[in-house]
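First up is the structure itself, then whatever we jot down about it.
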Amino acid sequence: MSAAIRVRPRRELRAARRPRPHRCWGHLIAAPLWPMHGANLGTLLRTCDAVGACLAVPPFPWVDEAVARGNTLRRPGCVHRVGSPLRWLAAERAAGTRVLGVELADEAVRLGDLPAARGRTVVLLGHEATGIPPEALDHLDAAVEIPMVGQGHSLNVAVAGSLVLYKLAGLL
């Protein structure tokens, strides 16, 4: 007979995590800069908290409400508001940040082969129907492909972003 699995109580789990809320992790940033659905932003914010990442959001008028509604953490998450997505990406790259786009591309790195991030990294996520806009592709250092065997062409932005963030954080 195998040993029973011990479920750790919430108090023990909280004690093992960071001792206080963070201002900005800065190491990993999820950037769904062309979101189709507001619900994805709240889901990504939850994943960002889980892996120690921040969320960069576009200047659309409905974004703040979507993030607030989807934030089930009951405390503020690390959210950066981006004025112009293209200018922000250019500035991040100029500052030495690695920009990875989750996109189907000829030379994309398969998710399973993606190493953990060693420096500041932006995970750029495109629109669910049209992907990353062509004018933003020039700002990528590399593309990441999530292999799929089913009929769909892509995953939901929140799911794709979450998978890549966990891999970059070294948690998968």
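The values are calculated or read from the model by the stated rules, or taken from the named source; none is laboratory data. Note that this is a predicted model, so its numbers are computed, not measured. Every residue, glycine among them, receives a Cβ derived from its backbone with ideal geometry; neighbour counts consider all protein chains shown.
Looking at A143, A95, A90, A116, just one residue is of a type outside the set (D, E), loosely packed, with under 10 Cβ neighbours inside 10 Å and under 20 Å from H27 (Cα atoms), and that residue is A95.
Right, A66: free of Cβ contacts under 8 Å to residues at least 24 places away in the same chain and either part of a helix (DSSP H, G or I) or buried (at least 19 other Cβ atoms within 10 Å of the Cβ) (or both) or not? So A66 fails the test. In region 98-107, of all residues being buried (at least 17 other Cβ atoms within 10 Å of the Cβ) and free of Cβ contacts under 8 Å to residues at least 60 places away in the same chain, the one that is farthest from M148 (Cα to Cα) corresponds to R98.
Checked against (1) surrounded by fewer than 14 Cβ atoms within 10 Å (Cβ to Cβ); (2) closer than 21 Å to P35 by Cβ; (3) touching a strand residue (DSSP E or B) at 6+ places or on another chain (Cβ under 9 Å), A129 meets all criteria but (3). Among the residues making up region 87-127, those that are among the aliphatic types (A, V, I, L, M) and out of contact with any Leu (no Cβ under 9 Å at 6 or more places or on another chain) are A90, A91, A94, A95, L104, A108.
Of everything in region 30-46 that is part of a helix (DSSP H, G or I) and touching a strand residue (DSSP E or B) at 6+ places or on another chain (Cβ under 7 Å), the residue that is modelled with the lowest pLDDT is N40. Just to be sure before I move on: is A129 at pLDDT below 95 and assigned to a loop (DSSP other than H, G, I, E, B) in the structure I sent? The answer is yes for A129.
Table: residues versus (1) in a helix (DSSP H, G or I); (2) among the β-branched types (V, I, T).
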| site | (1), (2) |
| --- | --- |
| G83 | no, no |
| A90 | yes, no |
| A105 | no, no |
| G119 | no, no |
| E135 | yes, no |
| V149 | no, yes |
| V159 | yes, yes |
| L163 | yes, no |
